[in-house]
Amino acid sequence: MRNFVITVNGKSYQVGVEEVGASVSAPVVSAPVAAAPVVAPVTAAPVAAPAAPAPVAAAPANGEKVLSPFPGLIKNLLVEGGATVKKDQPILVLEAMKMDNDITAPCDGVVTFQVAKGANVESDAVLAVIG
């Protein structure tokens, strides 16, 4: 039986491995093993149910659609619905893979959001219409 110390995600474990079959002679070096720190158990705090998303206005018949470039979560709406925006002005934040991505207006106009804060969206979903 050979003993090893392995480290996984910063935590050290001492393991024993039984040799089976051919024997290989190699020098064995002992390394000091630090005692694992004692961590108090963590209990999850109760979380209130999320508020229902605000109703979304119907899409205007004309205007330029702002599409989601990838799936993600609408983290924040940076302007109010009905606000006048300029081309390339950030209008909302789309979180994907733990990164915040500013979604900008493709043209000047009045923004009408088709999504609410906290909504999950797929690729090519209509996020807003600029008219």
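The values are calculated or read from the model by the stated rules, or taken from the named source; none is laboratory data. Please read these numbers as outputs of a predicted model, since none were measured by experiment. A quick note on method: Cβ atoms are made from the backbone with ideal geometry, for glycine too, and the neighbour counts reach across all protein chains shown.
Checking the structure you have, find out if any residue of the stretch 69-87 is modelled with pLDDT under 90, among the polar types (S, T, N, Q) and out of contact with any Phe, Trp or Tyr (no Cβ under 6 Å at 6 or more places or on another chain). Scanning the stretch 69-87 turns up no residue that is modelled with pLDDT under 90, among the polar types (S, T, N, Q) and out of contact with any Phe, Trp or Tyr (no Cβ under 6 Å at 6 or more places or on another chain). Note on the stretch 1-44: among residues that are charged (D, E, K, R) and surrounded by fewer than 10 Cβ atoms within 10 Å (Cβ to Cβ), the one that is modelled with the highest pLDDT is Lys11.
Would you please name the residue that is nearest to the chain's Cα centre (by Cα), looking only at residues in the stretch 105-117 that are surrounded by 15 or more Cβ atoms within 10 Å (Cβ to Cβ) and not aliphatic (A, V, I, L, M)? Taking the candidates together, the pick is Lys117. Of all residues in the stretch 79-99, which are assigned to a strand (DSSP E or B) and over 24 Å from the mean Cα position of the chain (by Cα)? Residues satisfying the conditions are Thr84, Val85. Within the option set Asn76, Asn62, being closer than 16 Å to Gln114 by Cα, in a loop (DSSP other than H, G, I, E, B) and touching a residue at least 24 places away in the same chain (Cβ under 8 Å) holds for one residue only, Asn62.
Residues in the stretch 118-131 that are surrounded by 16 or more Cβ atoms within 10 Å (Cβ to Cβ) and in a loop (DSSP other than H, G, I, E, B): Ala119, Ala125.
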